[in-house]
1. Under a cut-off of 21 Å between alpha-carbon atoms, report the lysines in cross-link reach of LYS72, not counting same-chain residues fewer than 8 places apart.
2. What is the distance, in nm, between label points placed 7 Å from the Cα along the Cα-to-Cβ direction at ILE172 and at ARG220?
3. Setting aside same-chain residues fewer than 8 positions from LYS165, which lysines have a Cα under 19 Å from its Cα?
4. If you compute Cα extents along the principal axes in Å for the structure shown, which of (i) 48, 39, 27; (ii) 61, 40, 32; (iii) 57, 47, 34 do you land on?
5. From the protein chains alone at 1.4 Å, what is the descending order of accessible area for CYS9, CYS59, largest first?
6. In a shell of Cβ-Cβ distance under 15 Å around VAL161, excluding VAL161 itself, what net charge do Lys and Arg (+1) and Asp and Glu (-1) give?
7. Hey, rough spin-label estimate for TRP136 and ALA99, points 7 angstrom out along Cα→Cβ, what's it come to in nanometres?
8. For MET75, MET184, MET38, write out the residues from largest to smallest accessible area, computed with a 1.4 angstrom probe and no ligands counted.
Amino acid sequence: MGGAIAVHCGFMNLIPSLVGIIVIDVVEGTALEALQSMQSFLRSRPNTFKSIPNAIEYCVRSGQIRNIESAKVSMPGQIINCETKKLATSELPLSPNEAMETTITNPLSIPEDAEEAPVEDNFTAPADVSSKRYTWRIDLSRSERFWTGWFENLSDKFLDVPIPKLLILAGIDNLDKKLTVGQMQGKFQLSVLALTGHAVQEDQPHQVAETLASYLIRNRFAAAKS
């Protein structure tokens, strides 16, 4: 969604000072295909979590993020306390006992072309009402009527933005026909990072940082430190 917003802003010239666009794993073709199963995916998610570590565990076991250290940073911002209605980030840092609740130590091995993977059988969502302490911050299903508009004609708009562009993908198979032709014509810089899921910047933060630095230096937006 953030990538789509960036492309639309660049295409409509809403930011006169804009000098470049970086899009991470957002492609019109694959995005529109994924929308067909999005409601099913949202219904398959647990509605509540018994603790912050329980939510972090789901985040990694489901394949949403493969890097557990990154999930510990990202997931609390996606859930709220059912009683206080405040973000879980307000309850950080976790106590030593709470931190030990997460039973996984390594990210899952899921197919590179799978945006989401099935939750492992040994993940358990809270069963009784008293343990349902956290829920999702945003009800994504309510935004369904906007989904198609975010991604339709996104490839054409991306290619038409007249500034240096970088597209970072989790897999080369995610590239649609229009972008494949555009990349062969040199209309944008492409970087494919292996062993990542859809959240490329979460799974391989150091590689993404190096890619961004190279892009900035290449286009003279920054200079290499001597």
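1. LYS50, LYS85, LYS86, LYS132
2. Between ILE172 and ARG220, the simple spin-label model gives 3.2 nm.
3. Qualifying lysines at Cα under 19 Å: LYS157, LYS177, LYS178, LYS187.
4. The listed entry that was calculated here is (iii).
5. CYS9, CYS59
6. So the environment of VAL161 carries a net charge of +1.
7. 3.0 nm
8. On the way: MET75 0, MET184 150, MET38 45 Å².
Greatest to least solvent exposure: MET184, MET38, MET75.
The values are calculated or read from the model by the stated rules, or taken from the named source; none is laboratory data. These numbers come from a predicted model, not from an experiment. Virtual Cβ from ideal backbone geometry, glycine too; neighbours counted across all protein chains shown. Note: accessible area is taken over every heavy atom of the protein model, side chains too, but ligands, DNA and RNA are not part of it. Shrake-Rupley method; radii C 1.70, N 1.55, O 1.52, S 1.80 Å.
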